[in-house]
Amino acid sequence: MKTAFLRCHPAVNLVYFLAVAVLGLLFLHPAFLAVSLTAALSYCLLLEGRRGVGRIAALLPLQAAVMLLNTGFAHYGVTPLYTLPGGNRITLEAIVFGAVMGVVVITMLLWFRCFSLVVTEDRFFCVLGKGFPYLSLLLLLILRFLPLLQQRLRAASEANRALGAQQKPSRLRVAAAALSGTVSYTLEHAVDTADVMRARGFGLRGRRSYARFRFRTPDALLLGAILLGFAAVLCARLCGVADAGYNPVIAIAPLTPAGLLALTAYALLCFLPQLCGLTALLRWQSGGAV
């Protein structure tokens, strides 16, 4: 079920995540936020299984931190709840808007996690490699840099621990040496990678690269549905459907029939990977080709 959307063309995956990310940043209405958060949460759990539970639980303190920071440094609003000794007020509007922004941050992190699991390096390079070879290579090196740095830093720490260099007076010095060596080695590896790609003729005019992905008719139909849903929801947002404001007062527009229609289209767009998986499962159970 979880592999149905993975079998689509990488361009479809990339456009989908770009669409849900843009719309997730435009809507602050609680109903739209709930749909986006639920879809991202369920898809992340579908892709990662039990391992995703721990990652998701680790995001809860981040939501609380965003809410507390906004409450402590933003003092707008007309509903004061408490006055600090310095004279600054803690208002209901600041707390609510901080909670909303925390939900937006968590939702975007979940969508980005799903993006990293679906749009792998070969898929990303398939979409941007032909038109923007150097940009795609640079983005791949950046995306690979952080996990590679973390992996090598862990290996350096384990090596130092095996050598018995974990005494308290030298712990900070050993950690700094491990970090310095890891960063130097990673940067040298990036330079070596660039030299190897240049030696292989990467980016030269007329050079062809192998891609195992083929853009077929189902991919075109799915891409058209994503673009149509994105355009419909974006037009609804630009027309003022499902407006929500939190400064200086909390003003959340009720969902009109147009708002419910936009919410339905948004839900179908956000839950598209799950719907693709459900459709493939039903076809498999009915004896058809997946």
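The values are calculated or read from the model by the stated rules, or taken from the named source; none is laboratory data. Owing to the predicted nature of the structure, the values given are computational and were not obtained by experimental measurement. Note: ideal-geometry Cβ built from the backbone for every residue, glycine included; neighbour counts use all protein chains shown.
Data overview
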item	result
Any hit, the stretch 42-59, residues being modelled with pLDDT under 85 and either farther than 30 Å from LEU281 by Cα or in contact with a strand residue (DSSP E or B) (Cβ under 7 Å, 6 or more places away or on another chain) (or both)	yes
Some residue of the stretch 265-285 being on the phi > 0 side of the Ramachandran plot, of a type outside the set (S, T, N, Q) and touching a residue at least 12 places away in the same chain (Cβ under 8 Å)	no
Qualifying residue in the stretch 67-75 (condition: among the aliphatic types (A, V, I, L, M), closer than 17 Å to TRP111 by Cβ and crowded, with 18+ Cβ neighbours inside 10 Å)	no
Filtered residues of the stretch 234-263 (kept if assigned to a helix (DSSP H, G or I) and surrounded by fewer than 13 Cβ atoms within 10 Å (Cβ to Cβ))	CYS235, LEU238, PRO257
Filtered residue count, the stretch 211-233, keeping only those that are more than 26 Å from the chain's Cα centre (by Cα) and assigned to a helix (DSSP H, G or I)	1
Residues located in the stretch 198-223, provided they are at pLDDT below 75 and of a type outside the set (Lys, Arg)	GLY201, PHE202, GLY203, LEU204, GLY206, SER209, TYR210, ALA211
Residue satisfying condition, being modelled with pLDDT of 75 or more, among the hydroxyl-bearing types (Ser, Thr, Tyr) and outside the structural domain of PRO30 (by TED's automatic domain parsing), within set SER180, SER157	SER180
Filter result for THR83 (loosely packed, with under 14 Cβ neighbours inside 10 Å and in contact with a strand residue (DSSP E or B) (Cβ under 6 Å, 6 or more places away or on another chain))	yes
Tally, over the stretch 22-33, of residues that are surrounded by fewer than 17 Cβ atoms within 10 Å (Cβ to Cβ) and within 16 Å of the chain's Cα centre (by Cα)	3
Test result for GLU93, in contact with a helix residue (DSSP H, G or I) (Cβ under 7 Å, 6 or more places away or on another chain) and acidic (Asp, Glu)	no
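Here is a yes/no grid of residues against (1) within 15 Å of the chain's Cα centre (by Cα); (2) more than 17 Å from LEU18 (Cβ to Cβ); (3) modelled with pLDDT under 90:
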site	(1), (2), (3)
GLY102	yes, yes, no
ILE106	yes, yes, no
LEU110	yes, no, no
PHE125	no, no, yes
GLY131	no, no, yes
SER136	no, no, yes
LEU141	no, yes, yes
PRO147	no, yes, yes
GLN150	no, yes, yes
